[in-house]
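K.L.:
Starting off with a structure, shown below.
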Amino acid sequence: MIRVSCRKPTMRYLLTGFAVVLLGFTTAQSQQRKPAKPAPAKRPSSQQKAPQPATGISPEIRMALDHISANSMRGHLSFIASDMLAGRNTPSPGLEIASEYIAAQFRRAGLEPGGDAGSSGEKGYFQTADWKVTEADIDSFELTINDGSEIANVKPGQVSLSGELKIDLKSVPLVKVDYSNAAALAALKPELIAGKVVITEIPDFRREDRSLWMEMSRARTEFLSKIRGLNPAFIISVDRVAQFGTGLGGGRLIDPDRAAQASGAPAPQFLTVVNKQVIKMFDSMAAGDSKGSISLKTGPPLQKPAKIRNVIGVLRGSDPVLKDTYVIVSAHYDHVGGGPGAGCAPIGDDNICNGANDDGSGTVSVIELASALATIKQRPKRSIVFITWFGEEKGLLGSRFYGKHPAFPLDQTVAMVNLEQVGRTDSSEGPQLNNASMTGFDFTDMGPIFKAAGEKTGITVYKHEKNSDPFFGRSDNQALADAGIPAHTLCVAFVYPDYHQAGDHWEKIDYENMARVNQMVGLSLLTIGDNTDAPKWNEANPKTARYLQAWKGLQQK
Ligand SMILES: [Zn+2]
């Protein structure tokens with residue numbers, strides 16, 4: 001599920017400088033990592049019915065659903081959520097490796113490729129977005145700090161910059177401001193600051209207890225707006241905790257379709273310097289004007305090609321007409337990556353957000369459903385399209401791209417089921433065994449189909465009174481809903497302990513429960529796939545008005 005504002009250092013820079021260290025370290029660490037047991041299953045409460053024997057399912061479908069294996073998903077997830085894929089940021093080598101892995105699994109299941117046609121005209125499994133990604137122009141970077149007695153030359157790896165900066169300052173006077181001295185801050189006069197570079201020490205609240213984050217980030221915003229109000233040439237902050245910087249920003253994706261209206265990256269508020277000599281200079285400086293000066297030069301970010309891919313495979317339907325109508329089952333295979341700049345809350349030295357549950361669990365469920373449903377001889381009437389999206393964490397990028405460049409006609413696409421966080425049962429709201437919830441539960445008539453399939457497979461499908469509607473916009477179903485397609489996200493734990501943190505590991509997934517949930521999903525897909533009536537938006541629910549509008553627009557094309 002998306003959480004906004006992930007700041008990203010330049011990928012190449014991060015991975016080259018950083019990964020070498022990390023990989024060396026993490027392999028040792030992962031071997032050491034004790035396999036954590038999934039939360040002990042408590043006795044299911046009245047809400048969580050124990051699995052009942054399946055009834056009213058044909059032997060062939062029963063066999064296909066039994067094909068869904070906890071061990072198989074464990075195998076897939078232990079690779080996809082491994083440190084080697086470094087949290088599958090968009091774009092990144094880890095994401096690319098994951099896309100190849102998923103395509104290989106679709107090939108193994110015998111799915112029809114649903115992606116772009118190659119030069120031979122033959123379709124592959126990848127739908128590629130030819131975008132650009134910004135990268136800091138390291139070669140044009142220069143930073144020297146002179147405190148009047150010595151000069152420090154700061155390297156690109158010794159700074160952290162969020163956003164992109166084009167600046168050229170030559171020997172600009174330095175003025176030291178004590179971040180923690182509120183009285184002195186209040187008394188600051190414009191003539192002391194204007195046109196100079198402020199050097200200070202802004203604490204990184206993410207290193208503190210989460211309970212302090214709100215307060216500390218508010219204090220930081222106040223400090224920065226106070227200083228910026230006095231028109232400094234620029235602000236730099238020293239960091240004596242980090243070992244190295246996260247680099248010169250970049251990593252911003254540019255969608256050529258939207259480049260025109262896309263505003264550039266926000267100007268960074270300050271530059272963090274991680275350099276021992278500069279810290280020594282800073283400590284020996286008195287607050288206020290100093291004899292020091294600074295020269296800082298950075299060029300506009302470079303734009304590099306970024307090939308990012310949705311992975312698409314099709315189980316072609318059996319009905320001569322309805323086989324050209326489509327039911328999508330999907331999940332996002334990206335996550336937020338790793339490293340200090342990734343917005344990934346580290347745990348000790350582990351700063352890779354592996355995203356096993358978000359949304360590795362959905363991704364391996366799509367793979368497993370593909371291989372299970374592909375065993376059915378009597379295919380459903382409609383075609384089932386299996387898709388894994390890129391860039392969900394950066395704003396539903398892959399699904400929105402699909403909405404604009406559909407691989408299959410949207411007016412022939414009758415439904416979408418998106419799987420999110422279906423692996424962990426240790427929800428922050430208490431154990432979630434043998435149940436699943438759909439966002440926007442009453443938005444279409446698909447809820448009862450999943451409920452009925454749940455009754456046959458021992459899974460309680462329910463409307464989460466608090467989260468159902470507010471979470472409708474928090475994942476990729478939103479992009480297809482905006483295009484008019486009846487679309488929902490199915491989830492087991494909306495919030496769980498390691499959400500967007502380094503502890504979201506594959507060992508903490510409840511694979512047996514996930515297998516049961518996927519049997520319910522599989523049966524639901526087959527039901528929709530065999531139903532000659534396509535799912536519909538619930539016109540009685542005012543929250544569906546704009547989706548209904550979009551759907552009508554599709555039908556008129
Ligand atoms: Zn997610």
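K.L.:
How many angstrom lie between the Cα centre of segment 496-535 and the Cα centre of segment 339-408?
P.N.:
Answer, in whole Å: 11.
K.L.:
Below 18 Å, Cα to Cα, which lysines can K404 reach? Residues fewer than 8 away in the same chain don't count.
P.N.:
K132, K307, K394, K552, K557
K.L.:
Next question. Mind checking the full-extension length gain between K276 and E507? Use 0.36 nm per residue of separation minus the Cα-Cα distance, one decimal, nm.
P.N.:
Details: separation 231, 0.36 × 231 = 83.16 nm, distance 3.92 nm.
The K276-E507 span can extend by a further 79.2 nm.
K.L.:
Can you pull the percent of Cα pairs in segment 137-300 with separation above 28 Å?
P.N.:
Distances greater than 28 Å cover 22 percent of the Cα pairs.
K.L.:
Sticking with this one: What does the extension gain come out to for A452 and K377, with contour length at 0.36 nm per residue minus their alpha carbon separation? Write out the running numbers ahead of the final one.
P.N.:
Values: separation 75, 0.36 × 75 = 27.00 nm, distance 2.32 nm.
Extending this stretch completely gives an extra 24.7 nm.
K.L.:
I would also like to ask the following. Which of the listed residues, S428, A370, G338, is farthest toward the dipole's positive end in segment 307-430, when Lys, Arg count +1 and Asp, Glu count -1 at the beta-carbon?
P.N.:
Result: A370.
K.L.:
How do the peptides 169-178, 379-388 rank, highest first, by the average count of neighbouring beta carbon atoms within 10 Å per residue? Could you put the intermediate results ahead of the total?
P.N.:
Values: 169-178: 17.1, 379-388: 25.3.
Answer by packing, highest mean first, reads 379-388, 169-178.
K.L.:
Below 20 Å Cα-Cα, how many Lys pairs turn up in segment 137-300? Only count pairs eight or more apart in sequence, or on different chains, if you could.
P.N.:
So the count of such lysine pairs works out to 23.
K.L.:
Any chance you could give the angle, 0 to 90 degrees and rounded to 10, that helix 20-32 forms with the longest Cα principal axis of the chain?
P.N.:
Once rounded, the angle reads 50 degrees.
K.L.:
Can I ask one more? Compute the angle between helix 70-80 and the longest alpha-carbon principal axis of the chain, please, reported from 0 to 90 degrees and rounded to the nearest 10.
P.N.:
In the chain, helix 70-80 runs at an angle near 30 degrees to the longest axis.
K.L.:
With the other protein chains left in place, how much accessible area per residue, in square angstrom, belongs to the chain at a 1.4 angstrom probe?
P.N.:
Values: 23070 Å² over 557 residues.
Each residue of the chain exposes 41 Å² on average to a 1.4 Å probe.
K.L.:
How high is the relative contact order of the chain, given as a whole-number percent (alpha carbon pairs under 8 Å, six or more residues apart)? Intermediate values should be presented prior to the final figure.
P.N.:
Values: 1233 pairs, mean separation 124.7, N = 557.
Value for the chain: 22 percent.
K.L.:
Could I ask something else about it? Skipping prolines and chain starts, which residues have an amide H placed within reach, meaning under 5 Å, of the one on T489, given they are 5 or more residues away or on another chain?
P.N.:
So T489 has HN proximity to N418, T439.
K.L.:
Using the per-residue mean of other Cβ atoms lying within 10 Å as a proxy for protection, in what order, highest first, do the peptides 517-526, 493-502 fall? Show your work: numbers first, answer last.
P.N.:
On the way: 517-526: 26.8, 493-502: 19.9.
In decreasing order of mean packing, 517-526, 493-502 become 517-526, 493-502.
K.L.:
Using R₀ = 30 Å, calculate the FRET efficiency as 1/(1 + (r/R₀)^6) where r is the Cβ-Cβ separation of M63 and T532; round to 0.05. Don't skip to the answer; put the middle values down first.
P.N.:
Numbers: r = 25 Å, r/R0 = 0.82.
With R0 = 30 Å, the Cβ-Cβ based efficiency is 0.75.
K.L.:
Same structure, new question: For F270, which sequence-distant residues (separation of 5 or more, or a different chain) have an amide H within less than 5 Å of its own amide H, given hydrogens modelled in the peptide plane?
P.N.:
For F270, the qualifying residues are S162.
K.L.:
What list of ³J(HN,Hα) values in whole Hz, one per residue of segment 462-478 in order, does the Karplus curve 6.51 cos²θ - 1.76 cosθ + 1.60 (θ = phi - 60°) give from phi, with Gly and Pro shown as x?
P.N.:
9, 8, 7, 3, 7, 9, 3, 7, x, 8, 4, x, 9, 8, 5, 4, 4
K.L.:
So, one more: May I ask you to evaluate 6.51 cos²θ - 1.76 cosθ + 1.60, the Karplus curve with θ = phi - 60°, for each residue of segment 306-312 and list the ³J(HN,Hα) values in order in whole Hz, giving x for glycine and proline?
P.N.:
10, 8, 10, 10, 7, 10, 10
K.L.:
Can you tell me the order of 291-301, 216-226, 413-423 when each peptide is scored by its average per-residue count of other Cβ atoms within 10 angstrom, highest first?
P.N.:
Highest to lowest by the protection proxy: 413-423, 291-301, 216-226.
K.L.:
Relative to the Cα centre, what is the charge dipole magnitude of the chain, using +1 at the beta carbon of each Lys and Arg, -1 at the beta carbon of each Asp and Glu, and rounding to the nearest 20 debye? Don't jump to the answer; show the numbers that get you there.
P.N.:
On the way: 62 positive and 59 negative charges, 45 e Å.
That gives the chain a dipole magnitude of about 220 debye.
K.L.:
From the helices alone, meaning DSSP H stretches of at least four residues, give me the mean residue ellipticity at 222 nm for the chain, per-run term -39500 (n - 2.57), in deg cm²/dmol to the nearest 500.
P.N.:
-8500 deg cm²/dmol
K.L.:
Let me ask another. Roll a 1.4 angstrom probe over the protein heavy atoms and tell me the percent of accessible area of segment 85-218 that is carbon or sulfur.
P.N.:
Numbers: 3490 of 6500 Å².
Carbon and sulfur: 54 percent of the exposed surface of segment 85-218.
K.L.:
If one takes the longest principal axis of the Cα atoms in the chain, at what angle in degrees, from 0 to 90 and to the nearest 10, does the Cα axis of helix 447-457 lie?
P.N.:
The angle comes out at about 70 degrees.
K.L.:
How are the C-alpha pair distances of the chain spread across 10 Å bins, as whole percents from the shortest bin up?
P.N.:
4, 17, 25, 22, 15, 10, 5, 1, 0
K.L.:
To the nearest 10 square angstrom, what accessible area does D350 show with a 1.4 Å probe?
P.N.:
Here the residue's solvent-accessible area equals roughly 10 Å².
K.L.:
Find how much the distance from S120 to V495 grows on full extension, using 0.36 nm per residue of separation minus their present alpha carbon separation; answer in nm with one decimal.
P.N.:
Values: separation 375, 0.36 × 375 = 135.00 nm, distance 4.55 nm.
Extending this stretch completely gives an extra 130.4 nm.
The values are calculated or read from the model by the stated rules, or taken from the named source; none is laboratory data. Note that the structure is predicted; figures quoted are calculated from it, not measured. Glycine also receives a Cβ, built like all others from the backbone with ideal geometry; neighbour counts cover every protein chain displayed. Heads up: the accessible areas ignore ligands, DNA and RNA and are worked out on the full protein's heavy atoms, side chains in. Shrake-Rupley method; radii C 1.70, N 1.55, O 1.52, S 1.80 Å.
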